[in-house]
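Presented below is the structure to which this report refers.
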Amino acid sequence: MAEQLRWVLIIISVIVIGGLLVHGLWSVRKKESPDTSVNERVEPLQESQTASSHSYSQKAEPKEPVISERDEPQLGELNFDANEPQIDSSAPEVPIEDDLSVVDDLESVEQTNEQPKEPVPDFVIVHIQMPEGLTMQGSKLLPAVNTLGFKYSEEGFFNRHLDPAGQGPVLFRLVNMYNPGTFDIDNMEQFSTAGVSLFMTLPCDGDGLAAFNMLHSAAKKIADEFGAHILDAEREEMSVERVRQYVEQVRAFSA
């Protein structure tokens, strides 16, 4: 009995040792030669991952905008004047507020350098019209205008100077209301007219308002002397409102 048990143990030991040897050899071969089935499983996975990453990159990458012909040209395509400063593309952008301040500064400089424009000359005209059928006689008109400080000029007008003696700039003139508009000083005894006109040019030398007051006063005195009517530039009856308009007109050129 003991002999049989001993052989059984020997056989079991042999079987175990043989199994261990077989398992060891199989493990060694497995390590030396990689499993192709594993590679076959891994490679498709890598390919799918590469393909998916490639498709994702195509979707994620933004498309370049299409530049139409109406878009602004590039900096290098602009034609600059030789006298104008070139634009430095590397310089930082100027804020909008700075651009506006620069424009305001340029406008202020232009306004400062701009020469003041001379006003367009204008006239104040006052007519002295005789009633229908009546005339002013030259023999009576000459002493009247001399008393008011008028001086006869070579042009055939009577001028009222800043100085009553006939010196200084001309403030206003007295002319014949009818053609030819002048007076013949040598034939005033034979001269007659249905009206005369007083006019001053704006701007006026000296005090414009004082000159207009002098003109208006002379017109009233001549009208009173001959019983004539005082008319405005449109030959309408002179009104207080029209006189005020003349005053404002003179003030506009006196500012």
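Assuming D205 fulfils every condition listed in (1) under 13 Å from I125 (Cα atoms); (2) of a type outside the set (K, R); (3) open to solvent by 60 Å² or more (accessible area, probe 1.4 Å) apart from one, which condition is it?
Exception for D205: condition (1).
Among the residues of region 208-255, which ones are open to solvent by less than 30 Å² (accessible area, probe 1.4 Å) and not hydrophobic (A, V, I, L, M, F, W, C)?
G208, D232, Y246 - these are the residues of region 208-255 that are open to solvent by less than 30 Å² (accessible area, probe 1.4 Å) and not hydrophobic (A, V, I, L, M, F, W, C).
With the requirement that a residue be touching a helix residue (DSSP H, G or I) at 6+ places or on another chain (Cβ under 9 Å) and open to solvent by less than 40 Å² (accessible area, probe 1.4 Å), what does region 157-182 give you?
Result: F158, R160, L171, F172, L174.
Among the residues that make up region 135-156, is at least one of them of a type in the set (S, T, N, Q), open to solvent by 60 Å² or more (accessible area, probe 1.4 Å) and touching a strand residue (DSSP E or B) at 6+ places or on another chain (Cβ under 7 Å)?
yes
Which of the residues that make up region 150-170 are of a type in the set (K, R) and within 49 Å of the chain's Cα centre (by Cα)?
Hit for region 150-170 is R160, nothing else.
Restrict the check to region 21-40 and report whether at least one residue is open to solvent by less than 100 Å² (accessible area, probe 1.4 Å), at pLDDT below 75 and charged (D, E, K, R).
Scanning region 21-40, I find at least one residue that is open to solvent by less than 100 Å² (accessible area, probe 1.4 Å), at pLDDT below 75 and charged (D, E, K, R), so the answer is yes.
The values are calculated or read from the model by the stated rules, or taken from the named source; none is laboratory data. Quantities reported herein were computed from a predicted structural model and do not represent experimental measurements. Neighbour counts are summed over all protein chains in view; Cβ atoms, including those assigned to glycine, are modelled from backbone coordinates with ideal geometry. To get the accessible areas, we keep the full protein, side chains included, count just its heavy atoms, and leave off ligands, DNA and RNA. Shrake-Rupley method; radii C 1.70, N 1.55, O 1.52, S 1.80 Å.
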